[in-house]
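Where a number appears in this text, it was derived from the coordinates with a stated rule and is not lab data. None of these values were measured; they are calculated from a predicted model. Here the Cβ positions follow ideal geometry from the backbone for every residue, glycine too, while neighbour counts run over all protein chains shown.
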Amino acid sequence: MIDGSWTSTSQFSGCGWAWMDNLGKVQLMGTQNYSRRESPLHSEVEALRWAMESMIKYSTCQSFGTDCKHLITILKEPQDWPIFATKLEKIETLQLCFPDFKITHIL
C-alpha cells in the first residue's frame, strides 16, 4: 500500500507505504516528507518510487496498491504523460527487479 500527500499551501509533501502479508497484517512501514512536489500526482509517483526502492531489499514478488487511479493510468500510458518522463524511467527500471510487479486500485 502506498500513498502520497500534498496541499497547495504547505511547504512539504509526504508519502508512506505499508508492507502487508497475505493475511493483511502490516509487516513493515515507512513514511517521509520532502519539499512540496508540483502536484498531488507527483507525490503519488514519488511514493511509488520510494516504496519500490524500499521493498526491493525484502522481496521481488510485490503487488502494490494505491487509491490513485491516475497513477495506474500514468504507468500504463507513460507516453501520454511527458512531464513525468524522468520519474517514470526510474520506476520502469525498478519494475525490472519485480518479475511479478502489479499495481491495483484500492478504495
Using θ = phi - 60° and Karplus 6.51 cos²θ - 1.76 cosθ + 1.60, couplings along region 10-17 (whole Hz; Gly, Pro as x): 8, 7, 10, 10, x, 8, x, 8
Lysine pairs in region 2-105 with Cα atoms under 20 Å, if 8 or more residues apart or on separate chains: 12
For region 2-105, diffusion coefficient by Stokes-Einstein and Kirkwood Rh (Cα), 10 °C, 1.306 mPa s, µm²/s: 113
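Please report CYS97, CYS68 as a ranked list, fewest other C-beta atoms within 10 angstrom at the top and most at the bottom.
CYS97, CYS68
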Those trypsin sites (Lys or Arg not before Pro) in region 41-107 that DSSP places in a loop and that have at most 16 other beta carbons within 10 Å: LYS57
Under 5 Å, built H, 5+ apart or other chain: amide partners of MET20: GLN27
Expected 222 nm ellipticity per residue - DSSP helices of 4 or more, -39500 (n - 2.57), all of the chain, to 500: -10000 deg cm²/dmol
Inter-part distance where region 8-34 and region 70-107 are each reduced to a Cα centre, Å: 18
Selection from THR66, SER35, ALA85 lying farthest towards where the dipole of region 2-105 points positive, charges on Cβ: SER35
Residue among LEU41, LEU88, LEU23 with the largest mean-square fluctuation in a Gaussian network model of the chain, springs linking Cα atoms under 10 Å: LEU23
GluC sites (Glu not before Pro) within region 10-84, DSSP loop, no more than 11 other Cβ atoms inside 10 Å: GLU38
